[in-house]
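Okay, structure first, notes after.
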């Protein structure tokens, strides 16, 4: 797809944007209201007038233009206002939700543009500031405790547990959610722990989190926990065994067993866990399904078998882990077997090794005790090649590599900061209409 910018018209206009916060100071939590005015100072009609609003944090709650339409995009809004005659104005009322923990100056930025050439680009930009006083009520703390596994059966009972506390008050409730759906308010098992039991959860992906509310009405969300609940089918990978090692270039036959207690299996497929499809399996009878993988390449992989029945219910197997590599060989060349030394003495150890993939770590033992180690990521093929291009291979190059990394990061930060200060960070999105309604 080729995207082209619309050419600017030779017609001249002078659009001026101003913004005012009302009120200009607020006690958090609160919504900030700003009125944006776009005036066309002429001399011609401005067409295809657009306004872009960018918040430093938080979200746009609503935007109401005097003409045209606005589309709220989280921390940004784009308004398509149509035409503004010379000497006329358009206004937009923007209501914003700063983050509850925000305090200090809150300064959204506004930019206007039209199809015509603007004779005074300097007044196409503005910002307005509202001063936010910090919420005196400290937020509660909440933590959702981990579950014992990620894959559950449909008859399993899932017990969700969370701990919650409030430094300057009390916890009034802890509510559990699955995606955006409330599962209920948990009764406390003690002053800080809250528990909710789920019986026979629905088939599919679940995204659990807890929301704690304190006696001042302030809320905090816990980190999420993701699980999958199987349907009625029982699925397992029969062959090969998890943890198997295969030689590069070899073939692998995957065999899964899928049993439905009261229906029929529509199909079975193999996937890398949480990622791409390997292929649909072929039924071979006796509830078995197979898939051939050809010419295996070096990798450490995790695969699941996934069965679907005629009703669309899905079950997954436990992950099957395997690696494609060849076991390394190692031979000590020094000291020689049977050598005698008079102590105290330094012992030089030398060895030869072969490895199909790469040796990431070498350990040397004496009487079951590690006496020396060698290795790291710099020995991996791609990493070694990249380090060689930078001239950072071998001893004495660590500081040089650190300087290169630091300089690269600094350049990126300078570029990003310059784009933000120059109001050009989202210029291309605005120019090509990606933020337009």
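The values are calculated or read from the model by the stated rules, or taken from the named source; none is laboratory data. Not measured: the values here are computed from a predicted model. Neighbour counts are summed over all protein chains in view; Cβ atoms, including those assigned to glycine, are modelled from backbone coordinates with ideal geometry.
If you go through the range 102-121 one residue at a time, do you hit one that is in a loop (DSSP other than H, G, I, E, B), at negative phi, loosely packed, with under 14 Cβ neighbours inside 10 Å and not assigned by TED's automatic domain parsing to the domain that holds residue 218?
yes
What residue, of 146, 184, 231, 243, is touching a strand residue (DSSP E or B) at 6+ places or on another chain (Cβ under 7 Å), touching a residue at least 40 places away in the same chain (Cβ under 8 Å), farther than 30 Å from residue 327 by Cβ and surrounded by fewer than 16 Cβ atoms within 10 Å (Cβ to Cβ)? Can you show your working first?
Values: 184 fails: touching a residue at least 40 places away in the same chain (Cβ under 8 Å); 231 fails: surrounded by fewer than 16 Cβ atoms within 10 Å (Cβ to Cβ); 243 fails: farther than 30 Å from residue 327 by Cβ.
Just a single option satisfies the conditions, and that option is 146.
Of the set (1) buried (at least 17 other Cβ atoms within 10 Å of the Cβ); (2) closer than 30 Å to residue 217 by Cα; (3) in contact (Cβ under 8 Å) with a residue 60 or more places away in the chain, all apply to residue 17 but (2).
A single entry from 166, 251, 178 fulfils the requirement of being under 30 Å from residue 328 (Cα atoms) and either surrounded by fewer than 19 Cβ atoms within 10 Å (Cβ to Cβ) or outside the structural domain of residue 309 (by TED's automatic domain parsing) (or both): 251.
Might you check whether a residue that is touching a residue at least 60 places away in the same chain (Cβ under 8 Å) and assigned to a loop (DSSP other than H, G, I, E, B) occurs anywhere in the range 202-216? Yes. Selection of first residues in the range 46-73 that are within 20 Å of residue 14 (Cβ to Cβ) and of second residues that are in a loop (DSSP other than H, G, I, E, B), restricted to Cβ pairs under 6 Å at least 6 apart or on distinct chains, gives the following pairs, ordered by first then second residue: 46/114; 47/115; 48/115; 49/114.
Hey, among the residues in the range 63-74 that are touching a strand residue (DSSP E or B) at 6+ places or on another chain (Cβ under 6 Å) and assigned to a loop (DSSP other than H, G, I, E, B), which one's farthest from residue 93 (Cα to Cα)? Checked the range 63-74; the qualifying residue farthest from residue 93 (Cα to Cα) is 74.
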